[in-house]
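All remarks here apply to the structure that follows.
The values are calculated or read from the model by the stated rules, or taken from the named source; none is laboratory data. Predicted model only: the values in this text are computed from it and were never measured. Counting neighbours? That spans all protein chains shown, and the Cβs are built from the backbone with ideal geometry, glycine included.
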Amino acid sequence: MEEMVYSVTEFNKMVKGYIDENPNFQEFFLKGELSGVTYYKSGHLYFTLKDKNSQIKCAAFNYKYKRIPEDLKEGDSIKIFGDVGFYETRGDFQVLVRHVQKEDKLGEMFAKLERLKVELEKEGLFSPLFKKRLPKYPNAIGIVTAYTGAAFHDIVNTTRKRFENIDIYIYSAKVQGVGAKEEIVKGIETLNKIPEIDIIIAGRGGGSIEDLWAFNEEDVARAFYRSEKPIISAVGHEIDNLLSDLVADVRAATPTQAIEIAIPVKKDIEKQMLDREKKLKSSIERVLKSKNDELEKYKNSYILKNFIKTIEEQHQSLVYLEERLENSLSRILKEKKHDLEIRAEKIIGLNPLAVLSRGYSITNSKSKSLKKLSDIKIGDEIETILNFGKIISEVKEIK
């Protein structure tokens, strides 16, 4: 096979011819995301159209006459209509754009956001049960926002006006565009590691929904939820709610309002303390006066003035009562003793053994008292108990 060797000019001409004659490279639609958008005064527009894996250069010559939008920007999703162009002299390959149509990227973003909201709500990220209370008197706050943004200056100025002694820790982060969500997450995680910080505020000033979208990202929402310190979402916007608003412990309409929520006014605290001090002093004075009045009353009372005399009188009364008690007890004891002696004599008189001492005896048959003749018969053994002994005998005759 004969070796084919082309010059660069020949090869580029061949490529151009192939492209120009191939209908697939003419009048087609192409969609992707904008990058490197550049408008020139000459009326030409250059940009790169890309997706996740590839990119291609595009050019729109005399774009104004083609009614191509003049507000295209980085990140916009568009659909273009055009042809493949090959600049033979330089060997450049690009798409020659005839028409540009913006895609409804925002609608897709909101649809995705709503699906994410449902998922996070099921996981409990929005539940009030997990909301942490803000400390009443914080010593230090942590701020995640752009150091160069207006929000940062508003936060610092408002804090110094309300309570100049509060320490402020700033983590400067991108709050929109590429890399914003990663920096916001890193800022929240970093400030959580500083023990002195009591509250974290993450946010930014106002802007379009596209500018604020970093606070609708799932990674950012989960970082808010994972924060061990109470966290406030402070994004200036008028839409319903960003994800960060729903997950945060507290939502503020603006960064300035976040400070008003988190930081008390020092002068108000001082006034409250002075008012409480006055009330306390007044209360103490009232109590002391009441006790002094009561003491004066007691000092002037008959009991205190005649205290010793009263004690002597009470002592005399006590001696008299003791004498009466002794006399009463002595009389009662004599009566009880006499009564006891009478009872003892009666009991002694009823004792069967006392009868024996007077010459009587008791006869029993087998330890049973004999009360009548029928209780015994001839031949029975009987026992006769005397005062000083007993007699055992056998019955020979019963009369």
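If the requirement is being within 18 Å of the chain's Cα centre (by Cα) and assigned by TED's automatic domain parsing to the domain that holds Gly142, which of these qualifies: Glu228, Glu260?
Details: Glu260 fails: within 18 Å of the chain's Cα centre (by Cα).
Just one listed residue meets the conditions, Glu228.
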Only one of (1) closer than 27 Å to Lys16 by Cα; (2) exposed (fewer than 15 other Cβ atoms within 10 Å of the Cβ) does not apply to Thr48, and that is (2)
Test each condition in (1) more than 22 Å from Leu246 (Cα to Cα); (2) surrounded by 13 or more Cβ atoms within 10 Å (Cβ to Cβ); (3) under 28 Å from the mean Cα position of the chain (by Cα) for Ala150 and report the one that comes out false.
-> (3)
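Each row is one residue, and each column tells you yes or no for (1) outside the structural domain of Met14 (by TED's automatic domain parsing); (2) of a type outside the set (A, V, I, L, M); (3) over 21 Å from Glu21 (Cβ atoms).
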position: Glu74; (1), (2), (3): no, yes, yes
position: Lys79; (1), (2), (3): no, yes, yes
position: Gly82; (1), (2), (3): no, yes, no
position: Gly85; (1), (2), (3): no, yes, no
position: Gly91; (1), (2), (3): no, yes, no
position: Leu96; (1), (2), (3): no, no, no
position: Arg115; (1), (2), (3): yes, yes, yes
Assuming Glu296 fulfils every condition listed in (1) in a helix (DSSP H, G or I); (2) among the charged types (D, E, K, R); (3) in the same structural domain as Gly203 (by TED's automatic domain parsing) apart from one, which condition is it?
-> (3)
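With the condition being within 13 Å of Asp83 (Cβ to Cβ), I'd like the strands (runs of 3 or more DSSP E) fully within region 1-68 carrying at least 1 qualifying residues.
Numbers: elements: 28-39, 45-50, 55-60.
Filter on region 1-68 gives 28-39, 55-60.
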Within region 136-145, can one find any residue that is under 28 Å from Asp76 (Cβ atoms) and either small (Gly, Ala, Ser) or at pLDDT 90 or above (or both)?
-> yes
Are any of the residues in region 177-196 among the basic types (Lys, Arg) and either under 24 Å from the mean Cα position of the chain (by Cα) or surrounded by fewer than 17 Cβ atoms within 10 Å (Cβ to Cβ) (or both)?
-> yes
Do you know which residues across region 50-70 are more than 23 Å from Gly179 (Cβ to Cβ) and of a type outside the set (A, V, I, L, M)?
-> Lys57, Cys58, Phe61, Asn62, Tyr63, Lys64, Tyr65, Lys66, Arg67, Pro69, Glu70
Scan region 96-109 and report the pairs whose first residue is under 25 Å from Lys64 (Cα atoms) and surrounded by 13 or more Cβ atoms within 10 Å (Cβ to Cβ) and whose second residue is modelled with pLDDT of 85 or more and among the acidic types (Asp, Glu), with Cβ atoms within less than 6 Å and a gap of 6+ or a chain change.
-> Leu96/Asp83
Please indicate, with yes or no, whether at least one residue in region 277-299 is surrounded by 10 or more Cβ atoms within 10 Å (Cβ to Cβ), more than 30 Å from Asp219 (Cβ to Cβ) and touching a residue at least 12 places away in the same chain (Cβ under 8 Å).
-> no
Consider only pairs whose beta carbons are under 6 Å apart and that are at least six residues apart or on different chains; among these, list those whose first residue lies in region 378-394 and is assigned to a loop (DSSP other than H, G, I, E, B) and whose second residue is loosely packed, with under 13 Cβ neighbours inside 10 Å and of a type outside the set (A, V, I, L, M, F, W, C).
-> Asn387/Ser357
Scanning region 221-236 for residues that are in contact with a strand residue (DSSP E or B) (Cβ under 8 Å, 6 or more places away or on another chain) and not basic (Lys, Arg) gives Phe224, Ser227, Pro230, Ile231, Ile232, Ser233, Ala234, Val235, Gly236
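Is it the case that Asn62 is in contact with a His (Cβ under 9 Å, 6 or more places away or on another chain), exposed (fewer than 15 other Cβ atoms within 10 Å of the Cβ), within 23 Å of Gly91 (Cα to Cα) and not small (Gly, Ala, Ser)?
On the way: in contact with a His (Cβ under 9 Å, 6 or more places away or on another chain): yes; exposed (fewer than 15 other Cβ atoms within 10 Å of the Cβ): yes; within 23 Å of Gly91 (Cα to Cα): yes; not small (Gly, Ala, Ser): yes.
Yes, satisfied.
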